[in-house]
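Take a look at the structure below.
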Amino acid sequence: MKMSVIGCGYLGAVHAAAMAELGHEVVGIDVDAPKIANLAAGRAPFFEPGLGEMLTQVSASGRLRFSVDMAAVRGSKVHFIAVGTPQKHGGNAADLSYVDAAIDDLIPYLTDGDLVVGKSTVPVGTAARLAKKLQASGTGAVLAWNPEFLREGFAVQDTISPDRLVYGIDEGTADGDHARAVLDEVYAMALSKETPLVVADYATAELVKVAANAFLATKISFINAMAEIAEVTGADVTKLADAIGHDNRIGRRFLNAGVGFGGGCLPKDIRAFTARAEELGRGESVAFLKEIDSINLRRRQRAVEMAIQSLGGSVNDRRIAVLGLAFKPNSDDVRDSPALDVAVQLKGLGGDVICHDPEAMANAQTKHPQLSFAASAVEAVTGADAIIVVTEWDEYKQLDPAAIFALAAGTLVIDGRNCLDMSAWREAGWEYRSMGRPDREQALVD
């Protein structure tokens, strides 16, 4: 099929390349000329495993091209809207200006039978409003909403082989039937592999995405709340998670205590969901999400407090190696990153903070040039009074605690992701502290 993808940020670039990989003829549109130039040259403008190679291959095939000119969408029958919906400045609601602008700019090029497919995460009610706008345009184009469920670090895999598909359409109408038929053709490969498909109305499709993110955020913050209790009782939150995770109704995934979640989706999506619920007069239904957000932010502060307490009440002029800046491994995304927040807080308290991340240092330096950066983890920890691991990259898990001990000036390591081998680090002589696990092998309840 011939299709366009409007917005070539993280979501759009991956989607455009994946659709071309599946055999479709795709044009990606974005107003950012340098970004488009990089994509057209087969260079991913951000780090995502497998994306660079896929861009090179599909660009060479001729099935993928990029442009800053909306007129390049002519001839496409499917148009994906993949622009950002950031949090509004000074509030929690989602900023829909990019979505509205994309639709307005696209309308002059739409023809009868075209399908406009929303992939951006939007507040419930947005799709119905946009469907009316398309209907009023007289173009004959139809709207569908097809939320994305990408995991950064696995986005290519999640687009090529999704774990489920959701179609939000105008059910029970000819337009709805047309939208479903077109989407079935778009996702023919996934459907042939019996990928679960849920066909629903617009509102349900919109809620699926924000509800999924809200549930995930709740699960992560729940175990971090248990870590807060564990820290004052001497309990081990990791063993607690193992025990309750054996219950099939709960499951072990995402029950990993640490410095919390971040990135461009979960934090802003739960805030936007709360804001929209309040607009609908049902703020009490998701009021708990405010506490989920608070717990999440507290865990960052807890890592900073640990460093202060363990270094004698102050980090001023103490050299602290912060290992990790991205909000999660296999990504260079520093948006609302707990790791970067910890580094910035320690720097603000007078710490001599030296940071390292395998992929995110350039983005972190652009956002916070006051920080210092090391070319390697070994360089960062050399001469450090304390080490804080705040992104669970494999290379940090694989550090030799005995070798690092010989390089550092101090003996404090704070495991902000509970990802290090606690026994190995303690045996090597480190004062090992973590999130929700005893500071000693056998802690006693006061």
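The values are calculated or read from the model by the stated rules, or taken from the named source; none is laboratory data. For clarity, every value in this text was computed on a predicted model and none was experimentally measured. Cβ placement follows ideal geometry from the backbone for every residue including glycine, while neighbour counts extend to all protein chains displayed.
Assorted remarks:
- Among the candidates A374, A402, residue that is at pLDDT 95 or above, more than 18 Å from A303 (Cα to Cα) and in contact with a strand residue (DSSP E or B) (Cβ under 6 Å, 6 or more places away or on another chain): A374
- Consider region 183-210 and keep the residues that are touching a residue at least 24 places away in the same chain (Cβ under 8 Å) and of a type in the set (G, A, S). The one that is nearest to R299 (Cα to Cα) is A205.
- Being in a strand (DSSP E or B) and not hydrophobic (A, V, I, L, M, F, W, C) holds for only one residue in H79, H89, and it is H79.
- Every test in (1) among the basic types (K, R); (2) assigned to a loop (DSSP other than H, G, I, E, B); (3) in contact with a Ser or Thr (Cβ under 7 Å, 6 or more places away or on another chain) is passed by K290 save one, and that test is (2).
- Any chance V27 is closer than 21 Å to V116 by Cβ and touching a residue at least 12 places away in the same chain (Cβ under 8 Å): yes
- Among the residues of region 108-124, those that are part of a loop (DSSP other than H, G, I, E, B), β-branched (V, I, T) and in contact (Cβ under 8 Å) with a residue 60 or more places away in the chain comprise T121, V122, V124.
- Within region 18-44, considering residues that are charged (D, E, K, R) and in a helix (DSSP H, G or I), the one farthest from C8 (Cα to Cα): E21
- When L412, L399 are checked against the criterion of being assigned by TED's automatic domain parsing to the domain that holds V334 and closer than 15 Å to M306 by Cβ, L412 stands alone in meeting it.
- Exactly one residue out of I244, I250, I270 is modelled with pLDDT of 95 or more, out of contact with any helix residue (DSSP H, G or I) (no Cβ under 6 Å at 6 or more places or on another chain) and not aromatic (F, W, Y), and it is I244.
- Qualifying residue in region 98-115 (condition: touching a Leu at 6+ places or on another chain (Cβ under 8 Å), buried (at least 23 other Cβ atoms within 10 Å of the Cβ) and within 19 Å of M19 (Cα to Cα)): yes
- When G251, G258, G234, G245 are screened for being surrounded by 13 or more Cβ atoms within 10 Å (Cβ to Cβ) and free of Cβ contacts under 8 Å to residues at least 12 places away in the same chain, only G245 passes.
- When the residues of region 122-163 are filtered to those that are acidic (D, E) and crowded, with 18+ Cβ neighbours inside 10 Å, the one that is nearest to the chain's Cα centre (by Cα) is E152.
- Test for D95: is it surrounded by fewer than 19 Cβ atoms within 10 Å (Cβ to Cβ), at pLDDT 95 or above and under 21 Å from the mean Cα position of the chain (by Cα): yes
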